[in-house]
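Some notes on the structure that comes next.
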Amino acid sequence: MRTEFRNEAFTNFKEEPHQLAYEEALRAVESSLGKTYPLVIGGARLETERTQTSVNPARRDQVVGIVAQADRELAERAVREAASAYETWRRVEPDERARYLYRAAAMLRLRKHEFSAWMTLEAGKTRSEADADTAEAIDFMEFYAREMQRLARPQPLTAAREEENELYYMPLGVGVVIPPWNFPLAIVAGMTCAAVVCGNAVVLKPASPTPVVAAKFVELLEQAGIPPGVVNFLPGQGGEVGDALVDHPLTRFVSFTGSRDVGLRINERAAKAQPGQKWIKRVVLEMGGKDAIVVDASADPDLAADAIAASAFGFSGQKCSACSRAIVHQDIYEAVLDKVVERTGKLIVGNPADRATDVGPVIDAKAYRKILAYIDIGKREGRLAFGGGTAGTLDPEDPEGWFVEPTIFAEVDPRARISQEEIFGPVVAFTKAASFEEALRFANGTEYGLTGAVISNDRANLELARREFFAGNLYLNRKCTGALVGTHPFGGFNMSGTDSKAGGRDYLLLFTQAKVVSERY
C-alpha cells in the first residue's frame, strides 16, 4: 500500500543552494532552446509543414521551441488512435494504471527544477511560481493515483438477501483535454492524468502560448511507460483542431480550462449530437473568475494588505483565482489601500529568470493589448493609485518582454467594467463598502463565483460569509490564491465553470460511469 497522500514541499529559495541549483537548471534548459517538437499520435512522431514558434515572453527574441501544428485530418487520426488504444487501456487494472502515475510523479520530482525552468522561459513564471506549478503537477499525479485505487475497491452498498451486488466505476472512452497556458504543467498534468488513470485515452491539445512545456510532459509520460495512443499530443488552432476534436462523434468527453467565452462555445458544440454518436458528451469546464477579497472594519490592515498584494500580483495576476477586486469597509479603506500601495511599490518587475524578480511579464501580445485597454478603462472608472506603466511595445522587432506594471485603481464603482470583467492581468480595483453586508453584495455581484476571501476578526461576519459569499473556494483570513491538491479542491460556481473540484475526492467521477452488477443465487 502507498503511504497517505502528502502535498509536495515547495523549494525554499531563501537558501542559496536552491538558488544555485535553479540557475544551473536554467542554463541547462537554455542550451536546449529552439528545438522542434512534433505531434505525437498513436506513439508516432509527426512533423508538419505548418509550425508555431514559442517565444520567451520576457525576451521576445528568444525562441523556446518550434512546434508542429495539426489540421482537421490529423485531428481525425488522433481521435481514432485514441479510440484504438482505449480498447486495450480500459482493460488494464486500476492499480496498474495508478502505478504509471506514481512512476511519472517520481521522475518529475527528480527533474523538478528542470521543468520549472522551462516554465520560467516559456510562461514567464518566477522561480517560486514555477516551483509551485511543478509541485502541484506532482500532487495531481500522486493524488489521482490513490483516488483511482480507492474507487477500484468494493463500494459500499446496502446488503440484500440471496443476492450479490457490486458497483464498478468504468472509464468513458476518448476524451479531449484542452488546458490553459497559465499553469502549463500542473493543470496539463491534472487534467490529463485524471482522465487517463480512470482508463480513458485522450487527445491533448495544449495551449498555444505554452506548447513546449506540454510536449515535455508528454515525453515524461512516455518515459514512465504510458502505452502509445493513450495520450496523443495535438497542438493546433482552436477554431480548426479544437472544433474538430469537440465535434467528433467518437469524443466521449471534453475537459477544458480557459476563458468563459471559449468554454461556453465548447459546451454549445458538445451538446449537439453528431451522426454516429451514441452518447451525450460530458463536458468539464473551468472558466475563470472575478475574485474579491473583502475586508471588514475589524480586520488587521497588514494582513489584509499582504493578502491583496500577493493574490493580485502573483504571476502578474494571470490566475483565475487572482484577486482583481478589493472590497474594503469604509472605516479601514484608506489604511488598507495605502498599505497595498506601499507593498506593491516594493515589487520588482523584470525577467523572471532573475532571482530578485517578483513580477514577470504577461504571456503575449494579445494579453498585453487587453490589459492595457482595461487600464485605459480604469483611468476613466476610478482613480489610478499606483502603476499603469508598461515596458515593451507592439513592434515585433522589439526584443523587450511584455511587461505591465502592477496597477491599483481606487474608488471604483462595483458595477464598473473593471469590477465586472475578467482582466487576467496585474490590475486590482478597490471599492469602498459602508457595511459588511454591502461588501458581500458587491462581492457576489458578478457572473462568476470562483474564489474569494474575507479578512476579519469578527466571528459573526466570518460565519455570515460562510453562508452567503458565493464562491467555490472561500478563504478566511488568508489570500485567495494557492489552492493545494487534496486540501483545497478547486472549482467554482456560475460562469466560473461546471462546479467540478479538481484535486478533490469526487473529481475522478467526472471521467467514469458507474455500473451495478447484481447476481441472485
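Bear in mind these aren't lab numbers, they're just calculated from the coordinates by the rules spelled out. Quantities reported herein were computed from a predicted structural model and do not represent experimental measurements. Please note: Cβ atoms are built from the backbone with ideal geometry, for glycine as well, and neighbour counts cover all protein chains shown.
To the nearest 0.05, how large is the calculated FRET efficiency for Ala356 and Leu157 if R₀ is 56 Å and r is the Cβ-Cβ distance?
For R0 = 56 Å, the calculated efficiency reads 0.45.
Under the √(5λ) rule applied to the eigenvalues of the Cα gyration tensor, what semi-axes describe the equivalent ellipsoid of the stretch 137-262? Give them in Å, descending.
Taking √(5λ) for each eigenvalue gives 31, 17, 13 Å, largest first.
For Ala271 and Arg111 in the same chain, what is the full-extension length gain: residue separation times 0.36 nm, less their Cα-Cα distance, in nm?
53.5 nm
For the stretch 413-488, restrict the atom set to alpha-carbon positions and state the Rg and Dmax in Å.
According to the Cα coordinates of the stretch 413-488, Rg and Dmax are 12.8, 37 Å.
What FRET efficiency, computed as 1/(1 + (r/R0)^6) with R0 = 30 Å and r the Cβ-Cβ distance, is obtained for Leu509 and Asn7, rounded to the nearest 0.05?
0.85
Just from its helices, what would the mean residue ellipticity at 222 nm be for the chain, if runs of 4 or more DSSP H residues each count -39500 (n - 2.57) and the sum is divided by every residue, rounded to the nearest 500 deg cm²/dmol?
Counting only the DSSP helices, I get -11500 deg cm²/dmol.
Along the charge dipole of the stretch 291-485, pointing to its positive end and built from +1/-1 on Cβ of Lys, Arg, Asp and Glu, which listed residue (Ile455, Ala309, Ala391) has its Cα farthest out?
Of the options given, the answer is Ile455.
So if I restrict to the alpha-carbon atoms in the stretch 251-380, what is the Rg, and what is Dmax, the biggest pairwise distance, in Å?
19.9, 63
Of all DSSP beta bridges located in the chain, what percent are antiparallel, nearest 5?
40 percent
Using the 10 angstrom Cβ neighbour count as an exposure proxy, how do Lys112, Lys290, Lys14 rank, fewest first?
By the 10 Å Cβ count, ascending: Lys14, Lys112, Lys290.
As a footprinting exposure proxy, order Met191, Met141 by other Cβ within 10 Å, with the fewest listed first.
Met191, Met141
Could you tell me the distance between the Cα centroids of the stretch 72-120 and the stretch 123-169, to the nearest Å?
15 Å
Which of Asp247, Asp95 has the fewest other C-beta atoms within 10 Å, and how do the rest follow up to the most?
Asp95, Asp247
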